[in-house]
Amino acid sequence: MDTTTTDTQPMLIGGEWITSEDGAIDSVNPATGRINRRVTAASAAQVDAAVAAARDAASAKGWRDMLPHVRAQILGRISDGIRAHADELAHLQMIENGKVLSECRTQVAGAAATYRYYAAVCETLGAEVPPARGDYLSMTAYEPYGVVAAITPWNSPMTMEAQKIAPALAAGNAVLLKPSEVTPSVGLAVARIAQEAGLPPGILNVLPGTGAVTGHAIIHHPGVRMVSFTGGTQTGRSIAAVAAQRLIPVALELGGKSPHIIFDDAQLDAAIDGVVDGIFEGSGQSCVAGSRLFVHRKVLDQVLAMLVERANGLRVDLPDAPGAQMGPVSGFRHRERIEAMVQGARDEGGEILAGGCRPEGDHLAAGAFYRPTVIAGLGNHATAVREEIFGPVLCVLPFDDEDDLIAQANDTAFGLASGIWTANYQRAWRVARALEAGLVWINTYKQLSIATPFGGFKESGIGREKGVTGVRLYQQSKGIYWSMNPANVRA
């Protein structure tokens, strides 16, 4: 697996690696500003060819009718291949989205575990035979859609792509993967591993390119029967509108502005660890980032002092530097947006307690680096508090009691994740049930399991990925009835 080549990288259609100079995108290292490589971008015509190849592969008996335990063996071999190429895959992700190398390695391990988990689900998942309500037997069968599209973001391509591809394959579908134009290389590398693992040609096709060209062609194509998208809420709305017109199912995992809550009885050292990891890991570029911190007024000053000390002490460095805790954000335009949001917070009366600027150091000057930032003094209706910044920016707000907290925490268009720190288990339960979020962490944060369903409330999404339901997401149910009346069968 070559991570340093300067040749234009091909895309995968119908088992064939295709290079075209007619359209290409540049993969840029956000830590250095240098181009990693050029990658072929799929045109509308190439999307059409990929859908045709996927439809042929999906309708062929080889994959659709493959015994579940045999399909599971292929998924298991993909997991083994990811582990065998772990260092190269971690390096590929690092040079394209700037995450520190240690986090990239963790995400590679998570992707391998995801394929292993869905291999097990594929082999063991059963269907239902409900009690009869007459002289018949009824059962439920689950059928693949055929061709499904997986459109993924740049912040965690290793895990996000695995969470879509593995269950979609386990469900018996053929997949069109459209990776982010920022991070096209990981999906291509994993596709090579899948080929080596014995995945039939056409079952996985990888189509790098822009959303405006490649993504548009995919979601509008009549041969695509289901779309799974992770990314920004506005793009999610556009995809949902197309899906509604086409009457096809769609799964959307979208933005978040997650409330992270510290009560006055919390174990503060542990809570601060959770808050710092929850917002500054990955430079804050996570849909579940705890970007709104609500602190009980009794401990507000203490928490702010601890946060400022921790934020100022985080090591912002090149992502492969020993001891680096934060790398760059994903790109220079994205950094400009973060800077504009922080300036807007200043203009609205926010006090920048830490960060709010680029780090010093000549070795970082060429990259898209930004310091971990803590902002206080804003109300719950400030722009920086309400809009997803998707960067290392934490807004801290006080609350006085439980009712005040719930009102502020739920006063948002989003509803993806949340966190609670308290020693009172009854309070934790009450607040967890009251929060309008698809995920609640209690005395921890960003603890994730592939076995637990994941998704958002409100404008944070539709549908649930992960868990057993992650396979059912990519299947449609069919009821089958058998008459048990002997008179209906010829003797």
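Structure values in brief
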item	result
Any hit, the stretch 123-131, residues being assigned by TED's automatic domain parsing to the domain that holds His221 and part of a helix (DSSP H, G or I)	yes
Members of the stretch 222-262 found to be out of contact with any helix residue (DSSP H, G or I) (no Cβ under 9 Å at 6 or more places or on another chain) and among the small types (Gly, Ala, Ser), listed by number	Gly232, Ala240, Ala241, Ala244
Residue among Asp269, Asp277, Asp301 that alone is modelled with pLDDT of 95 or more, within 27 Å of the chain's Cα centre (by Cα) and outside the structural domain of Ser156 (by TED's automatic domain parsing)	Asp277
Subset tally (residues that are more than 27 Å from Arg55 (Cα to Cα) and aliphatic (A, V, I, L, M)) for the stretch 113-138	4
From the options Thr373, Thr383, residue that is surrounded by 16 or more Cβ atoms within 10 Å (Cβ to Cβ) and among the β-branched types (Val, Ile, Thr)	Thr373
Among (1) part of a strand (DSSP E or B); (2) more than 27 Å from the chain's Cα centre (by Cα); (3) not small (Gly, Ala, Ser) - the single one Asp404 does not satisfy	(1)
Filtered residue count, the stretch 379-425, keeping only those that are closer than 15 Å to Ile262 by Cα and without any contact (Cβ under 8 Å) to a residue 12 or more places away in the chain	4
Selection from the stretch 210-263 of residues that are aliphatic (A, V, I, L, M) and without any contact (Cβ under 8 Å) to a residue 12 or more places away in the chain	Ala212, Ala241, Ala244, Leu247
Of all residues in the stretch 426-440 being over 17 Å from Asp264 (Cα atoms) and in contact (Cβ under 8 Å) with a residue 40 or more places away in the chain, the one that is surrounded by the most Cβ atoms within 10 Å (Cβ to Cβ)	Ala437
Number of the exception - Ser291 against (1) in the same structural domain as Asp22 (by TED's automatic domain parsing); (2) among the polar types (S, T, N, Q); (3) in contact with a Cys (Cβ under 8 Å, 6 or more places away or on another chain)	(1)
Contacts under 6 angstrom Cβ, first residue in the stretch 198-209 being buried (at least 24 other Cβ atoms within 10 Å of the Cβ), partner at pLDDT below 95 and outside any loop (DSSP other than H, G, I, E, B), 6 or more apart	Ile203/Trp63
Breaking point among (1) surrounded by fewer than 16 Cβ atoms within 10 Å (Cβ to Cβ); (2) under 30 Å from Asp265 (Cα atoms); (3) touching a residue at least 12 places away in the same chain (Cβ under 8 Å), for Val299	(1)
Filter result for the condition that a residue is crowded, with 23+ Cβ neighbours inside 10 Å and of a type in the set (S, T, N, Q), over Thr140, Thr159, Thr183	Thr183
Strands (runs of 3 or more DSSP E) enclosed by the stretch 1-80 - at least 1 residues per element that are surrounded by 18 or more Cβ atoms within 10 Å (Cβ to Cβ)	11-13, 24-28, 35-40
Counted residues, the stretch 411-435 - those being of a type in the set (D, E, K, R) and either modelled with pLDDT under 95 or out of contact with any strand residue (DSSP E or B) (no Cβ under 9 Å at 6 or more places or on another chain) (or both)	2
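The values are calculated or read from the model by the stated rules, or taken from the named source; none is laboratory data. Remember, it's a predicted structure, so these values are computed and weren't measured experimentally. In this analysis, Cβ positions are derived from the backbone assuming ideal geometry, glycine residues included, and neighbour counts consider all displayed protein chains.
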